[in-house]
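Worksheet: the structure to be examined is printed underneath.
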Amino acid sequence: MTDGSIPAERRIFVNRTLNLRAIRAVGFDMDYTLVHYRVEEWERRAYEHARAHLAARGWPVQDLRFDAELVTVGLVLDLELGNLIKATRFGYVTRAEHGTRELTFEQQRQAYSRVLVDLREPRWLFLNTLFSLSEATLFSQCVDLLDAGKLDPTLGYAGLYRVVKSAVDATHMEGALKAEIAENPGPFVELDPDLPRTLLDLKEAGKLLLLVTNSEWSYTRAILSYALDPALPGGMSFRELFDLVVVAARKPEFFTGHSALFEIVDDSGLLRPALGPMRRGGLYLGGNARSVEQDLGLAAEEILYVGDHLYADVHVTKDMLRWRTALILREMEREVKSSLQFRPAQDELNRLMAQKVALEHRTSLARLELQRGEHGAGDPEAARARLTEIRAQVVELDQRIAPLADAAGRVGNPHWGLLMRAGLDKSYLARQVERYADIYTSRVSNFSLCSPHAYLRAPRVTLPHDPDAGWSP
Ligand SMILES: [Mg+2]
């Protein structure tokens with residue numbers, strides 16, 4: 001950080017201008033926000049637990065293996081057709097896999113030419129967080145089994161999903177998985193050496209630090225002491241870092257409801273109802289966001305909430321409370337790096353597309369000339385000759401465009417391409433992010449790179465009628 005320049009993939013990306021100096025309290029989610037898990041390890045373990053549940057029901061899942069490339073966040077499950085899809089910001093499907101097989105363009109057209117993704121319909125399930133990966137991978141693989149006649153055909157895809165989801169939920173509910181991880185976090189937690197300093201910087205800048213997590217106290221304590229305590233100065237513990245800790249918060253209900261608040265009175269997790277207002281330094285279970293605002297004397301726009309779950313952390317918070325919101329999306333690092341790597345090829349593709357648009361314009365004009373000629377106003381033969389000549393150029397150009405366009409669709413992930421783009425458009429994920437997250441970034445420690453005093457300014461967006469926006473002739 002000597003010259004202050006921030007690597008492109010570690011920047012904070014801004015949808016709505018945010019002055020960090022006007023923020024008085026920063027609330028954090030824990031899992032995949034403050035603490036990043038090694039996705040392979042965590043999700044593979046969750047997957048294996050859930051697979052064991054299904055095996056115990058007699059499902060033929062012995063040969064299934066977790067594949068971390070198959071699914072990414074921001075995709076949508078189609079429970080009616082058993083597909084995994086990627087859509088544009090308007091809900092048009094641009095890529096689809098049935099089970100673990102990619103649909104051909106024609107199959108995709110038949111399935112989706114009259115369908116728009118709308119998350120209000122129960123048919124669609126948005127993959128909100130990295131915790132969705134094990135569930136979605138197992139579902140896709142079980143779709144293959146159902147199609148092959150190896151599972152009860154009366155289940156249907158939606159029924160199949162319900163069973164897979166209950167197996168994954170059971171894994172989380174039982175606590176077996178979390179107990180295993182709390183016992184020995186090392187293999188699962190990817191430590192960020194800059195995180196403790198970042199939180200101290202925010203605190204020393206005068207901000208209240210809040211922790212609001214759905215995890216239980218025993219798990220939270222094990223993970224945060226592992227991730228933070230060794231790097232905090234002078235024997236300080238994470239408990240002294242946070243002005244308020246709320247565990248088992250039941251987000252999103254925490255942001256919408258009026259759940260009862262309990263105080264955790266000792267390390268064994270003993271509870272007593274909290275009757276008075278929340279106090280600084282307190283450790284609580286349950287409760288709700290309105291009492292956080294009220295008891296700490298904070299206005300909605302003075303609170304920044306930072307989380308990785310698009311719905312539970314960011315969408316509801318923005319919709320119901322108008323808190324300022326930050327989304328942690330670790331994949332942005334791969335997204336930005338791979339976009340940068342592909343940039344020379346993208347520039348070439350843009351150049352060729354501009355040529356193609358010019359040729360298409362000439363084609364249209366020649367067609368119009370031919371049409372007029374055939375109706376007695378001009379020379380149809382000359383127009384025909386020009387059309388033939390242009391067509392040959394288009395064919396030659398298309399051959400150069402095709403491999404580049406295909407490569408552009410696979411940047412970052414061989415199945416799905418860039419998360420935030422769908423073809424030339426923004427992806428459905430990008431739309432959710434711009435709508436609900438004021439800012440988004442790959443990890444919490446990026447707040448130190450920009451400093452707690454940053455004025456985070458939204459860029460001027462491009463519109464199709466901007467002079468430099470399109471390929472119009
Ligand atoms: Mg989380």
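So what is Rg over Rh here for the chain, counting just Cα atoms and using Kirkwood for Rh?
On the way: Rg = 26.1 Å, Rh = 25.0 Å.
When Rh is taken as the Kirkwood radius, the ratio is 1.05.
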- [ ] Compute the Kirkwood hydrodynamic radius of segment 108-244, taking the inverse of the mean of 1/r over all pairs of distinct Cα atoms, and give it in Å to one decimal.
- [x] 18.8
Task: Dmax and Rg, reported as Rg then Dmax, of segment 169-252 (C-alpha, Å) - done: 13.8, 42
Task: Charge sum, other residues only, whose C-beta stays under 14 Å from residue 447's C-beta, Lys/Arg counted +1 and Asp/Glu -1 - done: +3
Task: Relative compactness, segment 332-418, computed as alpha-carbon Rg over 2.2 N^0.38 Å - done: 1.55
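Which pairs, out of 251/426; 165/203; 150/251; 165/318, put more than 32 Å between their alpha-carbon atoms? Each step should come with its number before you reach the end.
On the way: 251/426 28 Å; 165/203 39 Å; 150/251 37 Å; 165/318 27 Å.
Table pairs above 32 Å Cα-Cα are 165/203; 150/251.
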- [ ] State the dimensionless ratio Rg/Rh of segment 39-183 (Rg: radius of gyration of Cα atoms; Rh: Kirkwood radius).
- [x] 0.97
Task: Theoretical ellipticity at 222 nm over the chain - DSSP helices of four or more residues, -39500 (n - 2.57) apiece, nearest 500 - done: -13000 deg cm²/dmol
Open item on the list: Can you give me the orientation-averaged projected area of the convex hull built on the Cα atoms of segment 101-149, in nm²?
Closed with: 4.6
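Coordinate-derived values only; no laboratory data. This is a predicted model, so every value here is computed, not measured. All Cβ positions, glycine included, derive from the backbone under ideal geometry; neighbour counts span all protein chains shown.
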